[in-house]
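Working notes for the structure below.
Every number in this text was worked out from the coordinates using simple rules, so none of it is lab data. Quick caveat: nothing in here was measured; it's all calculated off a predicted structure. Neighbour counts are summed over all protein chains in view; Cβ atoms, including those assigned to glycine, are modelled from backbone coordinates with ideal geometry.
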Amino acid sequence: MVDLASVLGASEATIRRDLKALADEGQIDLVYGGATIRRDSDFSFRSKQQRNIEAKRTIGQLAANLVRENDQVFLDSGTTCFEMVPFLKRKRGLSVIANSARLTLELESPNINVIMIGGQYRPDRMDCVGPLAATQLDQLRGYLCFIGADGLSQDFGPAASDLESAHLNRIAVLGSRETILVADQTKFASPSLFKIVDWDRISRVVTECEPSDDWRSFFEARGITLVTPSTIKENEYAALTDK
């Protein structure tokens, strides 16, 4: 527990609380001094793609609307960013950075230039991670970054279920001009193990419906813009009434 707190830059109390929450949800087993991932936990792309499908599609469309034509964007290898693809293919002049083989194949379009990040290939997730992927991504700057998360914690930040994804997404965030978090509501009640970045690196959060009052106050206090179907409707109404 002490070593984990040191590596993740969090207090032992925070680590202990988040591990208990993960154990209560059946994602990990608590052991003396820490925790282990359950062998029956399935974080493969195909498995995750079947969860909360409609919510992810809504988020994908909302997130894609934040991308302008001729923009440069990074999409992580998660299933929520994957749902942005059909809407991005309608835009012209995009350059998309990706470490996901599945996402890269789906992005095939004369309107899109794809920069594929290579490295250690993970067949279950159909993406590339590791030192080679990190080195290549570190050479790029100034893009609009979209990342997902396996869990969210107000005092810990957005987090991933595995160290490799967390590390690569952290590098992506550090090289971006702006980072947008895409996450469905199940992630708001489910902290995860490996921290990606602090909340001050996130400018906007895209989700399928309004989160709890506690989360809305949290985002407002940190200047993080919340993007949901209802906020889009409010903005459209405000634009009409201003004319």
- Task: Treating each Cα of segment 45-242 as an identical point scatterer and ignoring solvent, apply the Debye formula and state log10 I(q)/I(0) at q = 0.19 Å⁻¹.
- Result: -1.46
- Item | From phi via Karplus (6.51, -1.76, 1.60), per-residue ³J(HN,Hα) for segment 112-128 in Hz, x at Gly/Pro | 10, 9, 9, 9, 8, 8, x, x, 6, 7, 10, x, 5, 9, 6, 9, 10
- Task: Quick one: order Leu105, Leu144, Leu62 by neighbouring beta-carbon count within 10 Å, fewest to most.
- Result: Leu105, Leu144, Leu62
- Query: So how far, in whole Å, is the C-alpha centre of segment 149-174 from the one of segment 206-230?
  - Reply: 19 Å
- Note on the structure: Per the Kirkwood formula over distinct C-alpha pairs, the hydrodynamic radius of segment 97-156 in angstrom is 13.1 Å
- Query: Hey, what did segment 125-243 get for relative contact order, percent, Cα under 8 Å, at least 6 apart?
  - Reply: 24 percent
- Query: Which peptide among 118-131, 66-79 comes first, and what is the full order, when sorted by highest mean count of other Cβ atoms within 10 Å?
  - Reply: 66-79, 118-131
